[in-house]
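Scroll down for the structure; my scribbles are underneath it.
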Amino acid sequence: MGAEAVISFTVNRKSAKGKALLETDVLQLRGDGVKLSIPFKAMGNVRAAGGVLRFDSPHGGIALELGSAAPKWAEKILHPPSRSAKIGVKRDWRVVTLGVTDEDFLAELEHAVAVLSIGRLVKDCDAIFFGATAASQLGRLEVLKKSLKPNGALWVVRPKGRPEISEAAVMAAGKAAGLVDVKVVSFSATHTAEKFVIPLKDR
């Protein structure tokens, strides 16, 4: 879902070296005492020239030495695909969301799928997006699995960096429910999503 590079960069004319991570709607910079998460919508005057991506931000002018990747990163920042498109949502899908409070994502889905049920489980789903904030909620995965089509996907959407619902807890709950994890993505600046499917042998 994202792109990552180990590069040299400048923030407000101060040079540093570290890691740049381009996610769905935010750019993260880490290294030499720098720890920034900059939403695309907070960037201005985004341009790429000579292998350098430059933009204005609330932290001052920023330049990333990305080489040949600079134009691609600029394009993604200026014209980011929707999360539903990155996830692979299809027009004929039946989708359920439970406990997902991201209004922008819900609005995307409303225009992207044939059937969207918010807060109510329906049968034969192509995808279920289950928002969870504590490991104690993950016992529902086995029940949710029963509403999936054989080739459907169950996405667990959880807050980042919260010990009460770690990645390990989500993976263990998925396995206990008879599912296999196939992908972890950055759902937003604040949330991560793990994708689970029914094993081929059980479909």
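The values are calculated or read from the model by the stated rules, or taken from the named source; none is laboratory data. Quick caveat: nothing in here was measured; it's all calculated off a predicted structure. Virtual Cβ from ideal backbone geometry, glycine too; neighbours counted across all protein chains shown.
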### Message
Six or more apart or on different chains, Cβ atoms under 9 Å: show the pairs whose first residue is in the stretch 20-39 and more than 15 Å from Glu4 (Cα to Cα) and whose second is in a strand (DSSP E or B) and among the basic types (Lys, Arg).
### Response
Asp32/Lys14; Asp32/Lys17; Val34/Lys14
### Summary
Scanning the stretch 110-140 residue by residue, those loosely packed, with under 14 Cβ neighbours inside 10 Å, of a type in the set (A, V, I, L, M, F, W, C) and touching a residue at least 24 places away in the same chain (Cβ under 8 Å) turn out to be Val122, Ala134
### Task
Could you look through the stretch 16-39, keep only residues that are touching a helix residue (DSSP H, G or I) at 6+ places or on another chain (Cβ under 9 Å) and in a loop (DSSP other than H, G, I, E, B), and pick out the one that is modelled with the highest pLDDT?
Asp25
### Query
Pick from the stretch 40-56 the residues that are part of a helix (DSSP H, G or I) and free of Cβ contacts under 8 Å to residues at least 24 places away in the same chain: which of them is surrounded by the most Cβ atoms within 10 Å (Cβ to Cβ)?
Ala42
#### Entry: One residue from Val100, Val46 being closer than 30 Å to Ala127 by Cβ and at pLDDT 95 or above
Val100
#### Entry: Residue tally, condition within 17 Å of Leu116 (Cα to Cα) and aliphatic (A, V, I, L, M), over the stretch 136-153
3
### Task
Hey, can you tell me all the residues within the stretch 57-109 that are surrounded by 19 or more Cβ atoms within 10 Å (Cβ to Cβ) and within 19 Å of Phe129 (Cβ to Cβ)?
Arg83, Ser84, Ile87, Trp93, Arg94, Val95, Val96, Thr97, Val100, Phe105, Leu109
### Task
Note down all Cβ pairs under 6 Å where the first residue falls in the stretch 88-101 and is closer than 17 Å to Thr190 by Cβ, the second is surrounded by 12 or more Cβ atoms within 10 Å (Cβ to Cβ) and modelled with pLDDT of 95 or more, and they're at least six residues apart or on different chains.
Thr97/Ile118; Thr97/Phe129; Gly99/Gly131; Val100/Phe129; Val100/Gly131; Val100/Val157
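When you scan the stretch 46-58, how many residues do you find that are closer than 15 Å to Val11 by Cα and not charged (D, E, K, R)?
Pass one, the stretch 46-58, residues closer than 15 Å to Val11 by Cα: 46, 52-58.
The next check asks that each one be not charged (D, E, K, R); those that pass are 46, 52-53, 55, 57-58.
Here the count works out to 6.
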### Task
Could you please find all residues in the stretch 151-199 being surrounded by 13 or more Cβ atoms within 10 Å (Cβ to Cβ), part of a helix (DSSP H, G or I) and not acidic (Asp, Glu)?
Ile165, Ala169, Val170, Met171, Ala172, Ala173, Gly174, Lys175
